[in-house]
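Data first, discussion second: the structure below is written as structure tokens.
Just so you know, all these numbers are worked out from the coordinates, no wet-lab data involved. All figures in this text were calculated on a predicted structure; none of them were measured in a lab. Backbone-built Cβ (ideal geometry, glycine too); neighbour counts: all protein chains shown.
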Ligand code: FA5
């Protein structure tokens, strides 16, 4: 009878079967356990001999079970090792690594250049009020200058936050340039300072190879005592040197922007290509802008801080610069998210 048990144990195909065999012989209601219970029915002499024999069988069964268990475990391990074999000499799977968008690359480069000149980068909201985008920048309603910026107007009663976090009522729009941040920053700070405002802007425009409805600008604003046009030219010249080396030059041509006087559009000389790059607009901050800032400050209970101030501002198109820099023929490529295009720009 026990011979059969030993055989079954030795041949148990897996751990589960072994567990069942263990229960069958050694469990609470197992054959051997039952046999032991019956010992007390035997006469004393027999009981002793039989008891000893059963104890030996029990020990032997236990030994057999744990031996088979060890065998089966080793087998399972062997199997797993076979199945999950790892070949460390195989080449790894290529893991695609993302790169930065070309607009981000140029934007970071520009911010770095100006940071070295003491500028601090700040950001402002893309949903803006008519007041900061136009009125405070000396572009009143019904003034023809408003036509310079075709605007996406927003509907609804969302209340915008002003420069100090106060509720700012007013008609809402998607900012058409980064210049409203000039006003926001000045209201909340006192001169002197040098700031940069990188950001996305929106224009209700037909798109073509050089015009997008959504694009990026980089605004610069420097306010202090006795800031002059020469300082503006110097800042743009530093930009030209940083981008195109010491052979570069800058060109300023008069142009009208309501928030600067005089106003200029500026271009950088690209020696490598032997051509001028039209980059953006600039000028000396218009006194009306300073007045609007001080009026707003007073309305908030702050002291006027711009009565004696002088300053310059500039704003340039980031995509336009990226296009020229990287030889991109169409501005629309930036927002199509085609990997073949984006993969050409690597950077960290
Ligand atoms: C402005 O937006 C002024 N706020 C710039 C400024 C700032 C002037 C501070 C004076 C003082 P303008 O509309 O010209 O100006 O736009 C500035 C630059 O943005 C342009 O030179 C051009 O590089 C870029 N730009 C304008 N429109 C588009 C467009 N639709 N798509 C792509 N880039 C554009």
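Could you state the angle between the C-alpha long axis of helix 2-11 and the longest principal axis of the C-alpha atoms of the chain, as a value from 0 to 90 degrees rounded to the nearest 10? Helix 2-11 and the main axis of the chain meet at about 30 degrees.
The Cα atoms of the stretch 224-348 define a convex hull whose projected area, averaged across directions, is 10.9 nm². A straight chain from residue 208 to residue 115 at 0.36 nm per residue would run longer than the Cα-Cα distance by 30.2 nm. Rounded to the nearest 10 degrees, the angle from helix 15-26 to the longest Cα principal axis of the chain is 40 degrees.
Size descriptor for the chain, Kirkwood hydrodynamic radius: 26.6 Å (Cα pairs only, one decimal). Distance from the Cα centroid of the stretch 6-24 to that of the stretch 142-217 is 80 Å (rounded to whole angstrom). Using the Kirkwood formula on the Cα atoms of the stretch 133-240, what hydrodynamic radius do you get, in angstrom to one decimal? By the Kirkwood definition, the hydrodynamic radius is 15.9 Å.
Hey, could you get me the Stokes-Einstein D for the stretch 66-136, Kirkwood radius over alpha-carbon pairs, 25 °C and 0.890 mPa s, rounded to whole µm² s⁻¹?
Roughly 125 µm²/s, to the nearest whole number.
By the beta-carbon count within 10 Å of each Cβ, the least crowded to most crowded order of 66, 129, 89, fewest first, is 89, 66, 129. Rounded, prolate or oblate: which one fits the stretch 1-158, using the alpha carbon gyration tensor with axes a ≥ b ≥ c (rounded when a/c is under 1.5, else prolate when a/b beats b/c, else oblate)? In terms of gyration-tensor shape, prolate.
Just the number: Rg to Rh for the stretch 281-339, Cα atoms, Kirkwood Rh, two decimals.
Result for the stretch 281-339 is an Rg/Rh of 1.30.
Reported to the nearest whole Å, the Cα centre-to-centre distance from the stretch 54-76 to the stretch 329-343 is 69.
The simple Förster model, with R0 at 56 Å and r as the Cβ-Cβ distance, assigns residue 100 and residue 62 a FRET efficiency of 0.25. For the stretch 109-192, the Cα gyration tensor yields ellipsoid semi-axes of 24, 16, 13 Å (square root of five times each eigenvalue, largest first, whole Å). The angle between the Cα long axis of helix 44-83 and the longest principal axis of the Cα atoms of the chain comes to about 30 degrees, rounded to the nearest 10. Residue exposure proxy: 219, 79, ordered by other Cβ atoms within 10 angstrom of their Cβ from fewest to most, comes out as 79, 219.
Is the stretch 171-300 rounded, prolate or oblate when judged by the Cα gyration tensor, a ≥ b ≥ c being the square roots of its eigenvalues, rounded requiring a/c under 1.5 and prolate requiring a/b larger than b/c? Oblate is the answer for the stretch 171-300, as a/c is 1.5 or above yet b/c matches or exceeds a/b.
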